[in-house]
2 protein chains.
Amino acid sequence: MKRRRKLGRGVAIVGAGMTKFGMFKDKDSKDLFAEAFKEMLSSVDKGVDPADIDAFYLGNFSNDFFAHQSHWGPIISDIIGHTPKPATRTEGACASSALAFREGVFAIASGFYDAVLVGGVEDMSKRTTEEVAEGLALATVPYEGRVGFTFPGVFGAVASAYFAKYGANREHLMNVTIKSHNNAPLNPKAQFPMTIRDIMNAKMESLRKRGQPVPEWKDEKEFLRDPAANPVVAWPMHLFDCCPISDGASCILLVAEEMAKRFTDDPIHVVGIGQGSGRGFHASADMTYFEATRYAAEEAYGMSGLTPKDVQFSEVHDCFSIAEILHTEDLGFFKPGEGYKAIAEGQTRLDGPKPINTSGGLKCKGHPVGATGTSQIYEVWTQLRGKAGKRQVPIRNLRIGGAHNLGGTGGTCTFTIFERR
Amino acid sequence: MKRRRKLGRGVAIVGAGMTKFGMFKDKDSKDLFAEAFKEMLSSVDKGVDPADIDAFYLGNFSNDFFAHQSHWGPIISDIIGHTPKPATRTEGACASSALAFREGVFAIASGFYDAVLVGGVEDMSKRTTEEVAEGLALATVPYEGRVGFTFPGVFGAVASAYFAKYGANREHLMNVTIKSHNNAPLNPKAQFPMTIRDIMNAKMESLRKRGQPVPEWKDEKEFLRDPAANPVVAWPMHLFDCCPISDGASCILLVAEEMAKRFTDDPIHVVGIGQGSGRGFHASADMTYFEATRYAAEEAYGMSGLTPKDVQFSEVHDCFSIAEILHTEDLGFFKPGEGYKAIAEGQTRLDGPKPINTSGGLKCKGHPVGATGTSQIYEVWTQLRGKAGKRQVPIRNLRIGGAHNLGGTGGTCTFTIFERR
């Protein structure tokens, strides 16, 4: 039945909200989502009455485990005053809210609903790091987790395979980290709004104050090479290659395209949606790409009629620095084996020809698992509307952006393309 | 934006499969789903190539907890050879696979996909009863579970409220149990294919063999009144008012209506879909109805243009006997406070004017949480096609059936109406 997939009815974004990402010991998932929802309401240019929202989709990975409570769809529905209207939870590990987004698109495109709220939340910091690591490991495919792989372990193996095949090395991973940390201070929602140089200087200052010997790091890379500053997690993944543990929430208001102008004169249109599922690396002869991302990209480009060249900037799932490199290749932005070179050349910097992760990415913005997918879309929406402030992509006539979200070790991938008209 | 909700493109069922429900220590979720999938394939009258399936939705409540593994969408996608195509998990507690079904309907109605597999699985019996009770309690809303309510506790309170308001009593609950147990032996997939009389006789036989005194139960009710045979769980819920712990899987193949005849000359059409969310009883002044079910019913009847009278038979979520009574009222089959009388009169028996739970219901068929929603639809599909064998509803010109699924203590409810044309 292969054919070019199309939606029977167009869908557009007319509002978006997100919390600051970070570790908030005094806020639970209900508090966080309420905060994101409130910002979403105030983001709708011509206003929205919550009573106009027909249905709600919530992405959450595993508050079952993290917060010892499941069935979050109706809980959040209650908090935002949405009951008795439908609330559906979607789960695809770290891509949970990208799935919620997609179901919202389908629910409107089907003709059944006109306005749908989609979002995500995760509340991880109340558990110990060990418990979070265990909870996250539940999302690796059984053939990985049960033989001892954790997430850094899998991505460490992926990086080793990539290095071996294409001649990249740790220095190339550092380029990703440094670039993302350069964007983060420009994003008021970021968990770590600091450049690597800021962190390095803070560390030197702190050592100096304590009267301890201060290493003479002459630049960011020298800092990142120092195992005292950037210890190994799972070789070649070091601390600064890994995204943090975070709490947060984000949400997006979708409406049928034909009624978008009731809410704003500047809606952002959903022009390509793609999703794929993956078997895990035990079943792959080559660990240097994600089959599910490639499938998702094919679907999204197919629907939109666009090519990777047309996507002017993108959020790309960088749970680990190596993931960003691979995915920029899987999405077709760069050829296989060329991603690390493009990043080294500065192509993905905020002022480069193909900015990637202007938000700071998962690495710096934070990664409250279930909230990440719609937070990436929040960033694309903000950029396309020219409201990203100091981190605004300086490309003239910014019109097309992408958001790529990965769940697990490639079990679930989504890619979505947005257009400002 | 209130309007009569419609789908832009019709959707029909062309295949369905399910495992026997029960406790299967030697089968995990992968084994179970593979079995249901295989039966689904063989159920398609003109055959289906799995390669024609565009996308997959899986309902699962909490294998995170029960099987210490999350992210089941891609795991099951792998097992059925579906990767790299999309796999999305939905969760709405005991209504998880009814949500998967609904998303499958939207995905096709949107025009994006033509053929979608939806289903559910749960694998509960590897944990102790205490662990299962804890896992299930995660699905009550926080204001219930955290003050000590478990599921039987909440439904016990609901029954007490109903008794007080309408003058029903325990004898009326027994009518539900006896009726469902009368249907169960006619369903080869049922976990407990026994009438209450069968169970009573077996118990007498066993006591007799062991030389112990044999109570003289003269009928089913006398057996159910005996606390030695039917101990209290949470008053007035007794053992035979409660559904069991089960493992199982079920799935449904949905296709766009206009291509259904490629697969079968006897498709079953989805004519009404409804879903609601609920706040929980802490927020309700009246515990004798489920607001979310009423909302779901309104949506489903609204879309279909049908009335409760038109629905000739239905599966109704009977996690506890009282739940079936309340829901037959919430769905409009009987007036509030009249459900228990209708059941006492035999109206919901297999040969009554409005058969309810011909499958034996959750009580006797079993309740592998995530698999229940699509197993109810499996039953309706089987009945409407006249293939239910000894439990075939004897109504002439059987054309319209319903499936009602409840998640948690009313947090999520769905109602779906099907038509044979």
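None of the figures in this text is laboratory data; all of them are computed from the coordinates on show. In this text the structure is predicted, and so the values were computed from the model without any measurement. Don't worry about glycine lacking a Cβ; one is built from the backbone with ideal geometry, like all the others, and counts go over all protein chains shown.
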Inset, instruction - Send over the Kirkwood Rh of chain A, from the inverse of the averaged 1/r over different Cα pairs, rounded to one decimal Å. - result: 21.3
Inset, instruction - Report the one residue of A:Ile76, A:Phe37, A:Val118 whose Cα lies farthest in the direction of the positive end of the charge dipole of region A:1-124 (charges on C-beta: Lys and Arg +1, Asp and Glu -1; origin at the Cα centre). - result: A:Val118
Legend entry - Distances in nm from B:Asn397 to the matching label points in the other copies, shortest first (labels 7 Å along Cα to Cβ): 6.4
Inset, instruction - Every other copy gets compared here: list the nm distances from the A:Pro336 label point (7 Å along Cα to Cβ) to its counterparts, shortest first, one decimal. - result: 6.4
Legend entry - Greater than 19 Å apart at Cα, pairs in A:Lys85/B:Lys354; B:Lys221/B:Lys363; B:Lys179/B:Lys309; A:Lys341/B:Lys85; B:Lys179/B:Lys221; A:Lys335/B:Lys85: A:Lys85/B:Lys354; B:Lys179/B:Lys309; A:Lys341/B:Lys85; A:Lys335/B:Lys85
Legend entry - Mean separation of Cα contacts under 8 Å, 6 or more apart, over the residue count of region B:364-421: relative contact order %: 31
Inset, instruction - Mind putting a number on the dipole of region B:247-333 about its Cα centre? Charges go on the C-beta only, +1 for Lys and Arg and -1 for Asp and Glu, and I need it in Debye to the nearest 20. - result: 160
Inset, instruction - Divide the volume of the convex hull of the Cα atoms of region B:268-404 by its number of residues and quote the answer in cubic angstrom per residue. - result: 110
Inset, instruction - Calculate the mean, over all residues of peptide B:142-150, of how many other protein chain Cβ atoms lie within 10 angstrom of the residue's Cβ. - result: 2
Inset, instruction - Mind checking B:357-366 for the average number of partner chain beta-carbons within 10 Å of each residue's beta-carbon? - result: 0
Legend entry - Sparse-neighbour loop sites [trypsin sites (Lys or Arg not before Pro); region A:6-37; at most 10 other C-beta within 10 Å; DSSP]: A:Lys25
Inset, instruction - Please express the shape of the protein assembly as shown as an equivalent ellipsoid: the semi-axes are the square roots of 5 times the eigenvalues of the C-alpha gyration tensor, given largest first in whole angstrom. - result: 48, 28, 24
Legend entry - Per-residue average of Cβ from other chains inside 10 Å of B:100-110: 6
Legend entry - Mean Cα-pair separation over length for region A:247-372, i.e. relative contact order, pairs under 8 Å, 6 or more apart, %: 25
Inset, instruction - Quick one: what are the phi-derived ³J(HN,Hα) couplings along region B:115-122, Karplus 6.51/-1.76/1.60 with θ = phi - 60°, whole Hz, x for glycine and proline? - result: 9, 10, 8, 10, x, x, 8, 8
Legend entry - Distance between region A:120-152 and region A:295-348 - C-alpha centres, whole angstrom: 26
Legend entry - Positive-end residue, chain A charge dipole about Cα centroid, Cβ charges, pick of A:Leu239, A:Phe263, A:Thr128: A:Phe263
Legend entry - Inter-probe distance in nm under a simple model that places probes 7 Å from Cα toward Cβ, at A:His282 and A:Arg146: 0.6
Inset, instruction - Starting from the eigenvalues of the Cα gyration tensor, five times each then square-rooted, give me the equivalent ellipsoid semi-axes of region B:172-220, largest first, whole Å. - result: 23, 14, 6
Legend entry - Value of relative contact order over chain B, rounded to a whole percent, pairs C-alpha under 8 Å and six or more apart: 26
Inset, instruction - List, largest first, the extents of the alpha carbons of region A:39-171 along their principal axes, each in whole Å. - result: 54, 35, 27
Legend entry - Structure-based [θ]222 nm, chain B - -39500 (n - 2.57) summed over DSSP H runs of at least 4, per residue, nearest 500: -11000 deg cm²/dmol
Inset, instruction - Take the alpha carbon atoms of region A:63-119, find their center, do the same for region A:17-48, and report the distance between the two centers in whole angstrom. - result: 15
Legend entry - Highest-MSF residue in chain B out of B:Ile53, B:Ile343, B:Ile322 [GNM, Cα springs under 10 Å]: B:Ile53
Inset, instruction - Run through the other copies and list how far each one's label point is from that of A:Lys309, in nm with one decimal, shortest first; the point sits 7 Å from Cα along Cα-Cβ. - result: 6.6
Legend entry - Inverse mean reciprocal Cα-Cα distance (Kirkwood Rh) of region B:350-415, Å: 12.6
